[in-house]
Amino acid sequence: MRKTKLITLSLLALAGASSAAMAADGAVGRWKTIDDKTGEVRSIVEISQASDGSGLTGKVVEILKSDDGPNPLCKACTGERKDKPIKGMTILWHLKADGANEWAGGTILDPNNGKTYKSKLELQPGGKKLDVSGCIAFICRAQTWVRE
């Protein structure tokens with residue numbers, strides 16, 4: 001009986017440590033993007049630390065649902081992103097730590113309309129959900145992404 005309790009307590013401690021480690025990793029990792037209008041999973045974005053030290057960056061690594069087929073292009077984008085595949089595209093950049101589990105001062109691109117917005121991220125307790133927002137002036141859009 002005592003051995004069973006010890007094993008159970010050990011497993012609970014490992015589960016808690018795993019959750020704490022996930023939160024400690026911050027926003028770095030792979031995230032399922034959830035459409036704020038439909039609630040559908042649309043893509044997987046991988047967030048990492050930029051190699052040049054400019055903050056967090058996020059790249060679309062998988063397209064799971066698209067109205068424009070399996071390999072959509074950023075038709076509404078301008079400049080170097082115009083008509084480029086969305087898969088492999090960097091859509092988040094220059095996000096810097098802004099408190100515990102928060103990042104701000106960055107930019108996010110919405111490939112559906114080609115517009116960029118001031119962005120911020122907030123990791124929810126437990127490290128499994130990430131609140132992502134993009135704003136122009138006082139008009140903001142927010143999504144909650146789920147860790148893959």
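So the values come out like this:
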quantity	calculated
Under 5 Å, built H, 5+ apart or other chain: amide partners of GLU148	ARG30, TRP31, LYS32
Inter-probe distance in nm under a simple model that places probes 7 Å from Cα toward Cβ, at ASN113 and ASP98	2.0 nm
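Just so you know, all these numbers are worked out from the coordinates, no wet-lab data involved. Because the structure is a prediction, the values reported are computed rather than measured. Positions of Cβ are backbone-derived with ideal geometry, glycine not excepted, and every protein chain shown enters the neighbour counts.
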